[in-house]
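The values are calculated or read from the model by the stated rules, or taken from the named source; none is laboratory data. Note that the structure is a prediction, hence the values are computed from the model and not measured. Cβ sites come from the backbone with ideal geometry, for glycine too, and all protein chains shown count toward neighbours. We work out accessible area using only protein heavy atoms, side chains counted, and drop any ligands, DNA or RNA first. Shrake-Rupley method; radii C 1.70, N 1.55, O 1.52, S 1.80 Å.
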Amino acid sequence: MAQAKTAVAAGARWEARILAQLEQRDLRVATVAKVIHSYNRLASKVGEYASNTRTLEERSRELQGEHERLLEYERANGNVSNIRANALAQQRITELEKEVEGLKEERTLLYRTQATNAQRLLDLSDRMRDTDERMRQQDLDIADSQEALRRANNKLNDVQATVKEKDGTIEILQDELSALQLEIVQIEERCARLQGENDDLVKRWLKKMNEEAEKVNEVTRELELIKRKSAALSPRLDGVSLDDDQFFANVPASANGALRGGAVAPRAAVGKIDARMEELHSIALSRSGEMLAVGGQSNTVKVFDAQTGDSIYSLAGCLKGINHVDISTDGALLVAASSDHTARIWKLDTGRSWKTLSGHIGSVVTAKFNHDASRVFTYSQDRTVKVWDTARGLCVKTLFTVSSCHDIDLLDSEGTRLVTAHMDNSIRVWDTATGKRLHEAAIHREQVMSVWASRSGNRVLTNSYDGTLKLVDSRSLDVLAVMSAPGYRPSRNWARASLSPDERFAMAGSIDGKLYIWDVASGDLVRSLDIHKSAVCDALWDASGARVYSAEKSRYILILQ
C-alpha cells in the first residue's frame, strides 16, 4: 500500500512539471509569433519603400532625360527664357534628387533593420529548434513517465486487488476465529459445569466412602490391634492380608540382610499406608527414613511417619494436583511440583508454606533440591528447566530444553550438571550455569519416562515406554546394562525407576501392579512381586537400603523388605 501511494504521488509531480513546461513553451511561441509578425510588417514596409524608390528613380531618369532633351533643344534654338525655365526645372530635379537620396538612405536604414530582424529571426529560429528539441525530448520523457505511471497504476491495481483479497481472507479468518472463540467459550462453560458436577459427585462419593470407612474402622479396630500384635511376632507376616487398609510389622532391617553388605531385594510387604487420595503420583522419603511425603491428584501433600504410618501433616497451598515431591537432605524442607504452574516449599518442622516458586507457564512436572537445598530445580510442560534460589524464591537461570521432558535429576551435589528424560527417546546432559547442552543420545526406541542418577552422579538409570531400563554412563552416555522382563510394561507417566543406594539393584513398577527388581551388574531379573492392585507409579529404597516403599496409582503405599 505504501508503494502504491508513492507511485501516485510521483505521477502527480510529473503532471505538474509537464504542465509548467507546456506553459513556458506557449509563452515562448507567443513571443516568437509577435517577432515574426513585426518582421513581416517591416518587410512589407521595406517592399513599399523599395517600390516607391524604384518609381522615383524611374521618374528621375525620365525627368533627367526630358531635361537633357530640353537643354539640347534650347541650345539649338537659343531661347533664353527657356533656359530660365530649364534652370527652374534643374532646381526641381535637384530637389527630386535630394529626395531620392533621402529615400535611398531611408531604404538603406530599412535594409539594415531588415538584416537585424532577419538575424534576430535566425536566432529565434535556432532557439525555437533547440526548444523544439527539448520539447521533443520532454515529450519522450513524458511518454516514458506516462508508461511508468501506467505500470505503477497497474501494479497499484494489482496490489489493491491483492489487498482486497487478503482483506476478504482476513475477514473470513476473523469470522472463523470468532466462531472458534465462541465455541471455546461454550466448551469451557460446559467443562466448568461438568467439572462442578464432577467435583460435587466426588465430594459426595468421598463423604459416603469416609462414612463407610469410619464404620469399618470402628468395627475392625480391635482386629487391627490383634493383627499388629501377631505381625510383631512373625517377621514374615504369616496370616496378614494386604487387603487391610493399613498394617505394620516390626521386622528389623537386618532380618533381610541389609546389614550384611548392601541393599535388599525385597520379598514381601511388611506395612501398608493408606494415603486417602484417589490417585497417587509421587513419593519421597527423608534421608533419615523418618518421614514419607506423598503427592497426587489432591492439591495437598501428605506427610506420614515412615515407621508407623501415622499422618504428620497435610500441606496445603497448591491450587491443583501434585506431580512430584522431594525432601531436602537435612529433612527440613519439602518441595512439590504442581499443575497450577508453580512449585511450593514447606518447612517440615512447622508444616507451614514458606516459598512459592512462580514463573513457569505450564504444569510443573518435577521439582528437586540440590544437596544443601540452596537451589531448587524444576521442569515444566512449557519446556523449560528453571533454577531457583531457595532462600529468595527467585529464578536465577532458565534452560530451554526444546523437546518435551518427563523427568530430571541432578548429577552432582551442587546441581551444576543435570540430566533430562525426553519424549523423543533421548536423554540430555546440561550445564546449569551456562544453560548449554553438554551431551545427548537417543538410547531408547520410545519415550524415556524417568531418569535416576546414582549418588556419585557417574551413572544414570533410565526407564522407557519400550519396556526396558538402561544403566548409562553420564559422561559418555554409553549404555552399560540393559534390563527387561517378560510382562514388564510401564504405564505412561507413571513409571519412575530407582537404584538402590549401593547401586546393586534397579527397581520399577508395571502397569499391572507388579514390582520388578533387577541385578544391575548382570542385568538379570531378580524377582517380580505381584503385590499391587493398580499401576505402580513410584518405588524407592530408604537411605540404608533395608526397606522399599512402593506406591500404586490408587491410594496405597506398601513397605517391603
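Give, rounded to the nearest 20 debye, the magnitude of the charge dipole that segment 336-375 has about its Cα centre when Lys and Arg contribute +1 at Cβ and Asp and Glu contribute -1 at Cβ. Spell out each step's value before the answer.
Values: 6 positive and 3 negative charges, 12 e Å.
Dipole of segment 336-375, to the nearest 20 debye: 60 debye.
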Surface accessible to a 1.4 Å probe, Glu197 within the full protein complex, Å²: 100 Å²
Net lengthening on full extension, Arg69/Arg527 (0.36 nm per residue, minus Cα-Cα): 147.6 nm
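What is segment 433-481's relative contact order, in percent, from Cα pairs under 8 angstrom and six or more apart in sequence?
Values: 72 pairs, mean separation 14.0, N = 49.
Contact order relative to length: 29 percent.
Which of the three applies to segment 385-487, rounded, prolate or oblate, going by the alpha-carbon gyration tensor with a ≥ b ≥ c and a/c under 1.5 meaning rounded? Working shown, then result.
Details: a/c = 2.10, a/b = 1.79, b/c = 1.18.
The shape class here is prolate.
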Relative packing of 478-484, 529-535, which averages over residues the other C-beta atoms within 10 Å, highest first: 529-535, 478-484
Burial ranking of peptide ranges 374-384, 176-186, 303-313 (average Cβ count within 10 Å, highest at the top): 374-384, 303-313, 176-186
Two-site label geometry, Val402 and Asp199: point separation in nm, points 7 Å out along Cα→Cβ: 4.1 nm
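Kindly report the accessible area of segment 397-445 per residue (heavy atoms of protein chains, probe 1.4 Å, no ligands, DNA or RNA), in Å². Present the calculation step by step, with values, prior to reporting the outcome.
Details: 2090 Å² over 49 residues.
It amounts to 43 Å² per residue over segment 397-445.
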Filter on Lys272/Lys302; Lys208/Lys514; Lys320/Lys514 - keep pairs with C-alpha separation over 19 Å: Lys208/Lys514; Lys320/Lys514
Heavy atoms of Ser314 accessible to a 1.4 Å probe, total area in Å² rounded to 10: 80 Å²
Lysine pairs meeting the criterion (Cα under 20 Å, 8 or more apart or interchain), as found in segment 335-474: 11
Shape parameters for segment 427-561, alpha-carbon atoms, Rg then Dmax in Å: 14.6, 45
